[in-house]
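Only one structure is covered here, and it is reproduced in the block below.
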Amino acid sequence: MGQLGRIYNLMNNISWDEFKKIEVRIGTIIEVNDFPEAIKPAYQLKIDLGKQIGYKKSSAQITELYSKNELLGKQVLVVVNLSPKKIGPFISNCLITGFEIDNKGVVLSTPDKSVPNGTLLT
């Protein structure tokens, strides 16, 4: 079996119909607060997802690479149709996407140009 075949067998594939259920939209971080109750260092974020969706909150373990000031106004890719998750006293009702880099922190998924809040990833 070639390299591609081995990689393909290691992945947990989903169907296109399953993928289409995941709603990823662009949003702008408008509020950042410390989250001292979190087990691992994290922020509590409020994200503006446009008129159709409004505002959602998320907890994000991104303190290693981002200050609160760096995050304000940053556009990020957000999964908006997950069930809410209770994290201590906080309810997270969306997921900010990013890439974990060798246990050194999470680099956020961001667009390279400004996009209207709420725009669906296609």
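So for segment 53-62 (the condition being basic (Lys, Arg), assigned to a strand (DSSP E or B) and either free of Cβ contacts under 8 Å to residues at least 40 places away in the same chain or open to solvent by less than 40 Å² (accessible area, probe 1.4 Å) (or both)), does at least one residue qualify? Outline the logic, then answer.
Within segment 53-62, the subset basic (Lys, Arg) is 56-57.
Remaining after also requiring assigned to a strand (DSSP E or B): 56-57.
Restricting the remaining residues to those that are either free of Cβ contacts under 8 Å to residues at least 40 places away in the same chain or open to solvent by less than 40 Å² (accessible area, probe 1.4 Å) (or both) gives 56-57.
Yes, segment 53-62 has at least one match.
Quick test for you: out of Lys51, Lys57, pick the one residue that is over 12 Å from the mean Cα position of the chain (by Cα) and either at pLDDT 95 or above or not basic (Lys, Arg) (or both). First the steps, then the outcome.
Numbers: Lys57 fails: over 12 Å from the mean Cα position of the chain (by Cα).
Within the list Lys51, Lys57, the selection yields Lys51.
Out of all the residues in segment 89-116, which are open to solvent by 50 Å² or more (accessible area, probe 1.4 Å) and part of a loop (DSSP other than H, G, I, E, B)?
Of everything in segment 89-116, those that are open to solvent by 50 Å² or more (accessible area, probe 1.4 Å) and part of a loop (DSSP other than H, G, I, E, B) turn out to be Pro89, Ile101, Asp102, Asn103, Lys104, Thr110, Asp112, Lys113, Ser114, Pro116.
If you scan segment 34-56, which residues turn out to be touching a Leu at 6+ places or on another chain (Cβ under 8 Å) and within 19 Å of Glu70 (Cβ to Cβ)?
Tyr43, Leu45
Out of (1) open to solvent by 60 Å² or more (accessible area, probe 1.4 Å); (2) over 15 Å from the mean Cα position of the chain (by Cα), what's the single condition that is false for Ala38?
(1)
Filter segment 63-81 for residues that are in a loop (DSSP other than H, G, I, E, B) and within 11 Å of the chain's Cα centre (by Cα) and give the result.
Residue satisfying the conditions is Val80 alone.
Looking only at segment 17-34, filter to residues that are within 21 Å of the chain's Cα centre (by Cα) and assigned to a helix (DSSP H, G or I); which one of those is modelled with the lowest pLDDT? Step through it out loud before you land on a result.
Pass one, segment 17-34, residues within 21 Å of the chain's Cα centre (by Cα): 18-34.
Checking which are assigned to a helix (DSSP H, G or I) leaves us with 18-20.
On the way: Glu18: 91, Phe19: 88, Lys20: 91.
For segment 17-34, the residue satisfying everything is Phe19.
Checking Leu82 against (1) open to solvent by less than 50 Å² (accessible area, probe 1.4 Å); (2) of a type in the set (A, V, I, L, M); (3) in contact with a Cys (Cβ under 9 Å, 6 or more places away or on another chain): exactly one of these is not met. Which one?
(1)
The values are calculated or read from the model by the stated rules, or taken from the named source; none is laboratory data. Quick caveat: nothing in here was measured; it's all calculated off a predicted structure. Reconstructed Cβ throughout: ideal geometry from the backbone, glycine too, with neighbour counts over all protein chains shown. Heads up: the accessible areas ignore ligands, DNA and RNA and are worked out on the full protein's heavy atoms, side chains in. Shrake-Rupley method; radii C 1.70, N 1.55, O 1.52, S 1.80 Å.
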